[in-house]
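J.: Below is one structure. I have some questions about it.
We did not get these values from a lab; they are worked out from the coordinates using the rules stated. All values derive from a computational prediction rather than experimental measurement. For neighbour counting, all protein chains shown are included, and Cβ atoms are generated from backbone atoms with ideal geometry for every residue, glycine included.
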There are 2 protein chains.
Amino acid sequence: MNLDNIRIVLVNTTHPGNIGGVARAMKNMGLSRLVLVAPLNYPHEQARWRAASAEDLLASAVVVDSVEEAIADCQFVVGTSARERRIPWPLLDPRQCAARIGSLSDREQVAVLFGREDRGLTNGELQQCNLHLNIPTSDAYSSLNLAMAVQIVCYELRMLLVQGELAADEDAQWDTPFATVENMERFYVHLEETLTELEFLDPAAPRQLMARLRRLYGRVRLDEMELNILRGILTETHKWVARGHAARDMVK
Amino acid sequence: MNLDNIRIVLVNTTHPGNIGGVARAMKNMGLSRLVLVAPLNYPHEQARWRAASAEDLLASAVVVDSVEEAIADCQFVVGTSARERRIPWPLLDPRQCAARIGSLSDREQVAVLFGREDRGLTNGELQQCNLHLNIPTSDAYSSLNLAMAVQIVCYELRMLLVQGELAADEDAQWDTPFATVENMERFYVHLEETLTELEFLDPAAPRQLMARLRRLYGRVRLDEMELNILRGILTETHKWVARGHAARDMVK
């Protein structure tokens, strides 16, 4: 388990105090890598004040413009989600999630995304995640403060670390590195183009097709060789479909 | 387990914002009984602001003058403690502690004491406790914000409460049945035929291609809808490739 390979990504945070609270929560639990996606009021005095002795963590925080940029080099991405989505995604509680990312963190880059204070992550952002994380709450009041949510996730990682009993996971002996988010996004573009050429996907009425395929390939986590195979298939398919289009045009 | 029998007691809190944060953290996790021992600045606007939708919990908070008064009717008292004391006391982490007080709460009054922001509970206060609770932290920065500490303890109580109801695994909420072996085998036949038509797979030199694809789709466990999507793509691909073959034959 390597906490330095786990980054906390805050998306469009509104209150700078929360950013400070997150920095402190992380440092208390031994995490160090904070990424801020287009924060609304930052830097800000309140962030420094709430960070207390975690100002160094704020100072080393990386500010980027987009979620894509924040997670491009990651092999595993978790999104925190308050509510059930239209298409159910693999969903874990913080303890199960810590167990999962704790063991991956030895050899991979992991990101945990936290959304906006008022409405969390968008569906598009959640569909970039391998799995979703839900913190159990009372039905009477389910909206956790952002820094509190980060605290709970970081606490579970710390508990796992001090327990010292990481279960070896099923991927520990894998032969090929897992694909990064950046390469997966290229694959999705390629896949969508090909499905459109095949007239299987109608861009005017895409329904949930790409979301379902993202969920499928996000769930499996492709390794680099598998990704190359699938892209190879898409490339060959493209050639034949182009010939097929030519044939159809001739018939007309 | 009865969360209404577990009270959170804050001793001489300095920052009213922390009291609000505690109220919210408690309500998020389903706790309701807050006792304030001689808070320094209370009531206060900052407490209400940080409490957000947990203002009712602030309104019903009991303010008393002494720890003795706060815990007089309790049968079990836990004190949070950052450091080792001169006389070692029974010391548990939040998870162990939740298990202990969760089961007691069915029939007894339980208090969890949280000390001052700067120096915690006094030795005298800690010696009034049945056991001590320590939240594991990084050596680099061990001082947790007060509301964060309460959040972690309340979260552990909630986890204990919902364990019985929690989905055992990430797929528990899945919307569609997973594919049977029989249907998967049909899919692999269909896939192999299509890859051969695409001339991506050479039956004379198949190498490990089908094995790798079987590993990929076996790992992900396709649900029936995903399987139908993939077979639909193969069917469309077949049509276009047939047209493409026809076009190539015409050119010859």
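J.: With r as the distance between the Cβ atoms of A:GLU185 and B:ALA242 and R0 = 25 Å, compute the FRET efficiency 1/(1 + (r/R0)^6) and round to 0.05.
T.: Efficiency, rounded to the nearest 0.05: 0.20.
J.: Helix B:209-220 against the longest principal axis of chain B: what's the angle in degrees, Cα atoms only, rounded to the nearest 10?
T.: For helix B:209-220, the angle is close to 30 degrees.
J.: Still on this structure, please answer the following. Mind checking the angle between helix A:224-251 and chain A's longest principal axis? C-alpha axes, 0 to 90 degrees, to the nearest 10.
T.: 30 degrees
J.: If I fit a long axis through the Cα atoms of helix B:146-162 and take the longest principal axis of the Cα atoms of chain B, what angle between them do I get, 0 to 90°, rounded to 10?
T.: Taking the Cα atoms of chain B, the angle to B:146-162 is about 60 degrees.
J.: Cα-based Rg (one decimal) and Dmax (whole number) for the protein assembly as shown, in Å?
T.: 27.2, 98
J.: If you don't mind, another one. Mind checking B:222-230 for the average number of partner chain beta-carbons within 10 Å of each residue's beta-carbon?
T.: Mean partner-chain Cβ count within 10 Å for B:222-230: 3.
J.: Follow-up question, since we're still on this one. Compute the label zone of B:TRP174 within the stretch A:170-206: residues whose backbone N is under 20 Å from the point 7 Å along Cα-to-Cβ.
T.: Taking a point 7 Å out along Cα→Cβ of B:TRP174, the residues of the stretch A:170-206 whose backbone N falls under 20 Å are A:170-171.
J.: Give me P(r) over chain A, computed from all C-alpha to C-alpha distances, binned every 5 Å, as integer percentages.
T.: It works out to 1, 6, 12, 16, 17, 15, 11, 8, 6, 4, 2, 1, 1, 0, 0, in whole percents.
J.: Averaged across A:126-139, how many Cβ atoms of other chains sit within 10 Å of each residue's Cβ atom?
T.: Mean shielding count: 3.
J.: Follow-up question, since we're still on this one. Given R₀ = 30 Å, what would the calculated FRET efficiency be for B:MET225 paired with A:ALA82, taking r from the Cβ atoms and rounding to 0.05?
T.: Efficiency, from the Cβ-Cβ distance: 0.75.
J.: Could you order peptides B:239-246, A:4-11 by the average number of other Cβ atoms within 10 Å of their residues, highest first?
T.: Result, highest mean Cβ count within 10 Å first: A:4-11, B:239-246.
J.: For the protein assembly as shown, what is the number of Lys pairs with C-alpha distance below 30 angstrom, counting only pairs 8 or more positions apart or on separate chains?
T.: For the protein assembly as shown, qualifying lysine pairs total 7.
J.: Continuing with this model, one more query. To check you understand DSSP bridge types, tell me what percent of the beta bridges within the stretch B:3-162 (both residues inside) are antiparallel, rounded to 5.
T.: 10 percent
J.: Turning to a different aspect of this structure: So if I take the centroid of the Cα atoms in the stretch A:2-63 and the same for the stretch A:200-244, what is the distance between those two points in Å?
T.: If we compute the Cα centre of each part, the gap is 37 Å.
J.: Measuring label to label, 7 Å along Cα→Cβ, what does A:ARG186 give against each other copy in nm, shortest first?
T.: Values, ascending and in nm: 3.7.
J.: Sorted by average packing, counted as other Cβ atoms within 10 angstrom per residue and highest first, what order do B:60-69, A:89-98, A:64-73 take?
T.: Per-residue Cβ counts within 10 Å, averaged per peptide and sorted highest first, yield A:89-98, A:64-73, B:60-69.
J.: Let me ask something additional. When you count, for each residue, the other Cβ atoms within 10 Å and take the mean per peptide, how do B:210-220, B:108-118 rank with the highest first?
T.: For the peptides B:210-220, B:108-118, the packing ranking is B:108-118, B:210-220.
J.: When Cβ neighbours within 10 Å are restricted to other protein chains, what is their mean count per residue of peptide B:23-31?
T.: Mean shielding count: 5.
J.: Determine ³J(HN,Hα), in whole Hz, for all residues of the stretch A:192-202 in sequence, where each value follows from phi through the Karplus function 6.51 cos²θ - 1.76 cosθ + 1.60 and θ = phi - 60°; x replaces Gly and Pro.
T.: Going residue by residue, I get 5, 4, 5, 5, 5, 4, 6, 6, 7, 10, 9 Hz, with x marking Gly and Pro.
J.: Where in the stretch A:175-252 are there GluC sites (Glu not before Pro) that are in a DSSP coil and have at most 14 other Cβ atoms within 10 angstrom of their Cβ?
T.: A:GLU199
J.: Let me ask you something else. Grab the other residues whose beta carbon is less than 12 angstrom from that of B:PRO203, score K and R as +1, D and E as -1, and report the net.
T.: Every neighbour counted, the sum reads -4.
J.: So what J values fall out for the stretch B:48-54 if you push phi through Karplus, 6.51 cos²θ - 1.76 cosθ + 1.60 with θ = phi - 60°, rounded to Hz, Gly and Pro as x?
T.: 4, 5, 6, 5, 6, 7, 9
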